[in-house]
Amino acid sequence: MSRRRVMAIVRKEFREYRRNRYVLVTMAVIPVIFLLQPLVYTLALPAAAAVPLSHRHELLYMLGIPALVPSMLAAASVVTERQQGTLEPVLTTPIRGKEFLLAKALAPLVPAIAVSYAVYGLFVIIIELFAHAGVASALVQGPLILAQVIFTPLLALWSIWVGIAISTRSSDVRAAQQLSVVGNLPMVALSTLVAFNTIQATLGLAVGLAVALIVIDRVGWRVVSAMFDRERLITGTR
Amino acid sequence: MPNRHKRGAALSVHDLGKRFGDRLAFDRVSFEIDYGEVFGFLGPNGAGKTTTVRTLGTLIAPSSGSASVAGIPLTAENGVEIRRRISIMPESPGLYLRLTVAENLECFANLYEVANPGQRIERALRAVNLLERADDPCGALSKGLRQRVALARALLSEPEVLFLDEPTSGLDPVATRDVHDLIAELGRSGVTIFLTTHRLEEAERLCDRVAILNTTLRTLGRPDELRDRLFAKTLTVRTLTPLADPGLVFAELPGVEGWRQDQGGGYVVAVSDPTVAAPAVTRSLVSAGADVLSISESRHSLEDVYLELIDEPKPAIKEPA
């Protein structure tokens with residue numbers, strides 16, 4: 001595994017993100033949607049809402065951000081290069097399939113985590129400053145913040161491996177992105193169900209889910225690496 | 001980069017073939033290329049040229065046969081090591097259009113893990129006369145300039161074997177000439193070049209040897225060798241008035257093997273060696289009192305060779321030992 005080759009692709013991806021308006025808009029729109037709705041709702045809550053809120057975990061709903069933000073980027077990552085003819089020159093270099101895929105995963109992971117933490121932090125700050133004090137202390141709980149910190153990278157990585165797996169097998173960018181969103185809906189649904197107490201959030205559930213996601217993320221890299229086939233990517237056959 | 005001094009074959013290919021399901025891309029291809037040689041790989045569209053390059057570049061696995069690339073056996077396990085020693089410029093430049101020329105090259109310099117990437121990039125850009133455009137986004141460059149950037153990218157790693165796949169495809173004549181000049185310069189500096197093209201004048205101008213492929217290898221050799229191998233050498237004689245007895249004029253002359261009258265009223269004389277036959281024919285014509293207008297050696301182009309070979313369903317040949 002060559003760190004230099006991995007970072008070459010990561011740096012290239014970052015440069016492309018910065019200069020691609022579509023990518024920037026995609027990264028901004030989803031978090032804004034996730035931020036505005038609960039913000040408006042929470043700021044309008046009276047102080048009396050604090051007691052029922054303290055038994056719920058509505059902020060976990062924001063775990064939808066790391067599940068969705070990187071999925072579009074990851075789904076486009078390989079198929080776009082294939083369509084634009086930039087994949088073949090890269091694959092003719094000494095880069096290994098695993099290095100290429102790791103780079104393709106790291107590139108969307110970093111902004112996804114940064115955006116998720118930033119939006120969450122912004123939400124907490126606004127709530128602390130402008131919501132009723134009782135509502136703020138009911139919503140902003142230590143365990144929920146910890147859950148957000150831990151699950152954000154795990155969900156983002158899951159989302160990325162799903163996206164890349166689809167991207168390596170797809171021949172159309174839009175189809176890959178749509179499939180990737182569909183592939184990530186189960187995780188969004190799970191976090192939403194926990195947020196709204198349909199599934200009871202317990203320490204055991206949190207630990208179990210975290211361990212499961214760590215395993216899935218590791219297996220994901222192996223599975224996607226096994227799916228990576230230079231010949232199929234270049235010729236479209238096999 | 002110059003590697004003429006290296007021993008052994010830069011490319012050694014034996015009965016190599018690739019099949020995609022029922023479709024045969026190329027079959028039983030054999031040849032050897034020395035270090036420092038510029039080798040032309042000719043053939044019509046769909047002949048299997050690009051697939052051959054991709055196979056030798058470890059992008060796709062051969063279905064049959066064997067090869068060594070830059071001295072390393074062509075196997076899946078050796079993929080990284082082979083790709084480290086070669087460079088492929090695909091038909092489409094495949095540049096990152098939002099990145100500048102220098103950023104594109106920086107990415108590839110790091111993928112090849114070259115030492116002193118800044119110096120290498122500068123040297124590669126200087127080689128293709130693009131140093132002053134280093135900070136331009138590739139999307140703002142013309143097709144010809146993009147091709148030059150792709151060539152600079154291929155030179156970054158100072159490869160032992162440089163594969164150029166249709167490097168002038170879609171370029172206008174001026175851009176084509178520029179790329180030709182660059183390839184010729186690389187060839188003179190000792191870079192081993194495997195040039196696939198369907199432009200015959202390109203191959204004739206740039207290559208030491210050429211192979212003609214149409215799924216199977218049809219022929220291989222120096223362009224002049226191929227002409228000699230395929231076409232009888234002839235002299236074309238034009239006289240002011242028809243010869244009274246051409247049989248007597250051309251009979252028993254040294255180097256002359258036969259003759260016939262052509263449709264324009266001239267004479268086509270088959271010869272074994274024009275340098276021997278031409279003076280003898282001239283002397284004989286003068287002795288016969290003929291008013292000679294011209295005596296010229298018939299020239300066959302590589303295009304004639306190509307057209308002669310490409311349509312014939314001949315079996316694959318092997319390179320002469």
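Each value in this text was obtained by applying a stated rule to the coordinates, not by laboratory testing. Computed from a prediction, not measured in an experiment: that's the story for all the values here. As a convention, Cβ positions derive from the backbone with ideal geometry for all residues, glycine included, and neighbour counts pool all protein chains shown.
May I ask you to derive the FRET efficiency for B:Arg123 and A:Ser2 from their Cβ-Cβ distance with R0 = 25 Å, giving the value to the nearest 0.05? The value I calculate is 0.65.
Which residues does the label zone of A:Arg19 cover in region A:85-124, counting backbone N under 12 Å from a point 7 Å along Cα→Cβ? Label zone hits: none. Look at the dipole of the protein assembly as shown built from charges on Cβ: of A:Leu155, B:Pro44, B:Met89, the Cα furthest out on the positive end belongs to A:Leu155. Dipole magnitude for chain A: computed about the Cα centre from +1 point charges on Lys and Arg Cβ and -1 point charges on Asp and Glu Cβ, it is near 920 debye.
Relative to the longest principal axis of chain A, what angle (0 to 90°, nearest 10) does the C-alpha long axis of helix A:142-169 take? Tilt relative to chain A: about 30 degrees. Tell me the angle of helix B:173-188 to the major Cα principal axis of chain B, expressed in degrees between 0 and 90 and rounded to the nearest ten. Result, in degrees: 90.
Amide H contacts under 5 Å for B:Arg218: B:Ile212, B:Leu213, restricted to partners 5 or more places along the chain or on a different chain, H placed in the peptide plane at 1.01 Å from N. Calculated mean residue ellipticity at 222 nm for the protein assembly as shown: -17500 deg cm²/dmol, from DSSP H runs with n ≥ 4 weighted as -39500 (n - 2.57), summed, divided by the residue count and rounded to 500. Kirkwood's formula applied to the C-alpha pairs of region A:25-175 gives a hydrodynamic radius of 17.0 angstrom. Comparing A:Pro38, A:Pro46, A:Pro70 in a Gaussian network model of chain A where C-alpha atoms under 10 Å apart are linked, the largest mean-square fluctuation is found at A:Pro46. Positive-end ranking of B:Ala278, B:Val29, B:Leu131 along the dipole of chain B, with charges on Cβ about the Cα centre, is headed by B:Leu131.
For B:Glu257, the residues whose amide H sits under 5 Å from its own are B:Ala270, B:Val271, B:Ser272, ignoring neighbours fewer than 5 places away on the same chain, with H placed 1.01 Å from N. Placing +1 on the Cβ of every Lys and Arg and -1 on the Cβ of every Asp and Glu, with no other charges, gives region B:9-227 a dipole of roughly 360 debye about its Cα centre.
Treating the angle as unsigned and between 0 and 90°, give the value, to the nearest 10°, between the Cα long axis of helix A:64-84 and the longest Cα principal axis of chain A. Once rounded, the angle reads 10 degrees.
Fewest-first ordering of B:Tyr96, A:Tyr41, A:Tyr117 by other beta carbons within 10 Å of each residue's beta carbon gives A:Tyr41, A:Tyr117, B:Tyr96. Taking every Cα-Cα distance in region A:94-203 and sorting them into 10 Å bins from zero, the calculated P(r) comes out as 12, 34, 31, 16, 6, 1 percent. Which residues does the label zone of B:Ser142 cover in region B:166-208, counting backbone N under 18 Å from a point 7 Å along Cα→Cβ? Residues B:167-183 fall inside that zone.
For the residue pairs B:Lys18/B:Lys233; A:Lys12/B:Lys18; A:Lys98/B:Lys18, the C-alpha atoms sit more than 30 angstrom apart in B:Lys18/B:Lys233; A:Lys12/B:Lys18.
Just tell me which aspartates and glutamates come within less than 13 Å, Cα to Cα, of A:Lys104; anything on the same chain fewer than 8 places away is out. Output for A:Lys104: A:Glu13, A:Glu16, A:Glu81. I want the local charge near B:Leu125. Using Cβ-Cβ distances under 12 Å, sum +1 for each Lys or Arg and -1 for each Asp or Glu among the other residues. Counting the neighbours of B:Leu125, the net charge comes to +1. The dipole here belongs to the protein assembly as shown: it is taken about the Cα centre, uses +1 on the Cβ of Lys and Arg and -1 on the Cβ of Asp and Glu, and is about 1860 debye.
With r defined as the distance between the Cβ atoms of A:Tyr117 and B:Glu225 and R0 fixed at 45 Å, what FRET efficiency is calculated, to the nearest 0.05? That pair, A:Tyr117 with B:Glu225, gives E of 0.05.
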